[in-house]
Amino acid sequence: MQNKSVMCYNNTCKKLSLHCIFIVSFLFISMTVMIPGVSADIYKYVDEEGVLHLTNVPSIPNAKYILILKEKRVHFHSDIDVNKYDHIIAKAASKYKIDQALIKAVIKAESNFNHRAVSPVGAQGLMQLMPSTAYALQVDDVFQPENNIEGGVRYLRYLLNVYKGDLRLALAAYNAGETAVAKYDTNIPPFRETQNYIRRVLSYYDDFKK
């Protein structure tokens, strides 16, 4: 899940008029609750011009963020077939030299194996690719499992190369964006959502390796 601020990419939010605060907040929370397997802490703040911002990455210094939606951990359910895409995952794992268990862990954390998942900010498919990322990766149909997994694993391999095999940093960038990682001197950003995401993926990774 790349950096996901409301209607934005690379942590640049589309501004919303203050008089829309209640409508937007209600719709945003409702959408998040309705989407299985997609969750994050959501914050709001109002800038000096009276403009409301909603984001899952509270990265602006001195902004008075208010938590309006708390992340809920996604648990395994017996009715979810976690092996459904194993043949596709195996192919991508071999091509990009990434552990199959890690790919499954990312998919579990991102979409809970729902190939039709769409987050409130537009991330799509099994590996929750943002439209701009999917475009850059030349993923034509993000809801087609093989295309989405191919693109997501390719992007994960790219991040692992960028951070010289540091899995935690790669996962931080997958969630919050490379810009956020760079902003904190190539360290994991101090965002609760990102830190929870890393812990969740690593926990699933351990589970899938068993």
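The values are calculated or read from the model by the stated rules, or taken from the named source; none is laboratory data. Source: prediction; values computed, not measured. With ideal geometry, Cβ positions are generated from the backbone for all residues, glycine too; neighbour counts draw on all protein chains shown.
Residues checked against (1) of a type in the set (D, E, K, R); (2) free of Cβ contacts under 8 Å to residues at least 40 places away in the same chain:
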| position | (1), (2) |
| --- | --- |
| T133 | no, no |
| G152 | no, no |
| R157 | yes, no |
| L160 | no, no |
| A172 | no, yes |
Subject >> Residues that are under 18 Å from D41 (Cβ atoms) and surrounded by fewer than 24 Cβ atoms within 10 Å (Cβ to Cβ), drawn from region 163-180 >> reply: A180
**OP:** Take region 174-202 and flag every residue that is of a type in the set (G, A, S) and closer than 18 Å to Q128 by Cβ.
**Re:** A176, G177, A180
**OP:** For residues that are within 14 Å of the chain's Cα centre (by Cα) and among the polar types (S, T, N, Q), scanning just region 129-147, find the one that is surrounded by the most Cβ atoms within 10 Å (Cβ to Cβ).
**Re:** T133
Original post:
How many residues are over 26 Å from D41 (Cβ atoms) and in contact with a strand residue (DSSP E or B) (Cβ under 8 Å, 6 or more places away or on another chain) if we restrict to region 130-142?
Top reply: 2
Subject >> Options A93, A40; residue that is at pLDDT 80 or above and closer than 26 Å to L160 by Cα >> reply: A93
